[in-house]
1. Quick check: pseudo-label points 7 Å beyond the Cα along Cα→Cβ at ILE156 and PHE247, how many nm apart are they?
2. Label-point separation (nm) for ALA309 and VAL574, each offset 7 Å from Cα along Cα-to-Cβ?
3. Per residue of segment 167-183, what does 6.51 cos²θ - 1.76 cosθ + 1.60 with θ = phi - 60° give for ³J(HN,Hα)? Whole Hz please, x for Gly and Pro, Karplus curve as stated.
4. Once mean projected area of the Cα convex hull in nm² is worked out from the coordinates, which option in (i) 94.3; (ii) 67.4; (iii) 30.7 does it equal?
5. How big is the charge dipole of segment 484-652 about its Cα centre, in debye rounded to the nearest 20, if each Lys and Arg gets +1 on its Cβ and each Asp and Glu gets -1 on its Cβ?
6. Quote to one decimal, in nm, the extra length available between ASP329 and ALA436 on full extension: 0.36 nm per residue of separation minus the C-alpha distance between them.
7. If the chain between ASN383 and VAL67 were fully stretched, how many nm would it gain, using 0.36 nm times the residue separation less the Cα-Cα distance?
8. With +1 on the Cβ of every Lys and Arg and -1 on the Cβ of every Asp and Glu, and nothing else charged, how large is the dipole of the chain about its Cα centre, in debye rounded to the nearest 20?
Amino acid sequence: VVQIFETIRKEVDRAPGAPARTRRGASSNANPLPQVQIAAPASAPFEQAMSWLEAIFKRAATAGIVVVFTVLVLLDRVELRDRLLRLWSGNLHRSTDALDEAGQRISKYLTMQLVVNLSYGIPMALGLWLIGVPGAILWGAIAAVLRFIPYLGPLISMVFPVALAFAVDPGWSMILWTIAFIGLLELISNNVVEPWLYGASTGLSTLSLIVSATFWTALWGPIGLVMSTPLTVCLMVIGRHLPRLKFLDVLLGSQPALEMPTRVYQRLLARDVEEAVELANQQIESSSLVDFYSATAIPVLRMASEDHAAVATAEHRHRLVTGMDTLIDELREEYGEPKSAEQLDVLCIGGKWEIDSLAAKMLAHSLASAGRSVAYRPASPLNADWIALLDLRGARAICVSYFSPRPEVAARTLCKRLRRRWPDLEIVLALWNAPAELLTESGGKALGADAVVTWLNEAVMLLQETGESVLDGGYRAAPVPEHDSARVAALQASGALDPRAAALFDAASHRAADIFDVGMAMVSLIGFDDQKVPGAFGSLPLEGGPDALTRADLEIPRALSMCGHVVADGATLVVPDVSRDIRFANNPALQGKLRFYAGAPLREASGHVLGTLCLLGAEPRALTERDVKLLEALAKDLMSTLAAAKRSWDQEASAGEGHAASVMGAEPVATGA
């Protein structure tokens, strides 16, 4: 084979047409073959003009089609809306909410974009005028208009004034001042004005805005770039309200894809304790330490207990326990160590295993941050020998934490042993996963405990009580704010006590009861020492009898009023279960009558809270953040209506007084035959 290839190579080298550099023995000055080049013929000016016009007409045609479609959609928007609702079918309420939210978000976005563009264009024109760039007003207007084009618009708008400054000024001062001014204006607009005005108006994440701009630009060109944000907002809102398209909201929305407890749980499983601590600090900064433990940390432990025997491996359980313990230690260092006082007030202990110990450790830290003298003991065999070693001299209460769904045997045995040695000690059982029958007062008494709690904030409120404690059958009276006399004077001058206002209050109560689907709604007014109910709708069945809770039953002393707490705090109060809330569970005016309460403050023009618009229910219930905002909006509308009615009544009174004065001042008319 080698010989055959060598023979072929020699024959090729001896070929007459072979290049000189490959032929053996050929002359070095042999002429090489000429190279052939293919050159495109030069296009005529007319052909170049046509190619440019074709590109321009293509973009103009796309823009024209979009404009035509936009006009047709606006002309036939009602019919198209009905067709969309019919196409989505299913839940008409959900589909209507989707359309309303999309419209509100896009309207707010476009309004804010107009404001942002004007706040950029006007300073641009003034700045260029001061620098001396010709046509400053024109360049400011162009900058404001081009900023409707995301990303590219600001870059294009700055080319014109910079190029003109370079052309008209023989030196460098004008162009440098122009570039510096535009750069400063961009920094202020992008980092101050836009975040302040836009906020979360679109609900889109930063990544989804960039991806959507790329996608719609590739699909429709520059028009797609202009319309990318509104179109993506529509897709995101549809995904939020339609379960089958939920993935769109997850991919495009700015809201976290996982709830806070799930995020912390995942970080601990991934050994990312630093990020879990960062998430905890973020929530604590926006709320409080107790809220984080109650709303996030305890649910994390609840998920861990549910996964303990189902999907968690030994490695996962170890990561969770060690990670949560480290997280609690970090928070104790940052937000205060539990105090070690000579006289112990409360002892928190874990019931059976590590999860119980972590919950007890959280509770101890929460109580210590509130100023209580508290100690913590991890879970251990709670036998007679262990109890004999406890030193509880001076302690008022002991709280035992259980995450087991069936803690009856262990809890009853422990309570019996504790009661035998310390008869006066108040025993609180924190049953985080217990069945409903154990959470009642009778269930707690059957276990030998003085009280049973299910949430950490409930336990903190319970164990913080001193003096007249809930454990002794007390309640928290409504506090009286400072300058209450000025508030009562504002109540008397507001017209709310006018009998003519009762119709307004009845209508508002009826409307609130219908909207929130509750058994009863009412308007309360808080005086010096009592609660008046000038308007109400509905009634609630009373426990153990055929009677019902009516308006007259709720005209009670101010100290017993839940609405009095709203007046004192000046904020909306939501109590999902009155019987489980330490402040109201043993209130004699509420026992057996009320389970759910939500009250929004009625605030008059000068800022005084006169009373509440409140919802009442016979069963436990929770309100979403959106529901709370709606209730507050109804309360605000009611006060606006009352203020308008008060002005009308004052005008009528002034007109009546004027007419009476004119009649009294008129001379008698003489009559005679």
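1. Taking the two extended label points, one gets 3.5 nm.
2. Here the answer is 3.5 nm between the modelled labels.
3. Along segment 167-183, the couplings run 7, 8, 9, x, x, 10, 5, 5, 5, 5, 4, 5, 5, 5, 5, 5, x Hz.
4. Comparing each candidate, only (ii) matches the computed number.
5. Working: 17 positive and 22 negative charges, 46 e Å.
Charge dipole of segment 484-652: 220 debye, to the nearest 20.
6. So the chain would gain 35.3 nm between ASP329 and ALA436.
7. Numbers: separation 316, 0.36 × 316 = 113.76 nm, distance 8.08 nm.
Taking 0.36 nm per residue and subtracting the Cα distance, the gain is 105.7 nm.
8. Numbers: 59 positive and 72 negative charges, 509 e Å.
Dipole magnitude for the chain comes out near 2440 debye.
Here, each number is a calculation from the coordinates, and none is a lab measurement. The structure presented is a predicted model; accordingly, all values stated were derived computationally and were not measured. Neighbour counts are summed over all protein chains in view; Cβ atoms, including those assigned to glycine, are modelled from backbone coordinates with ideal geometry.
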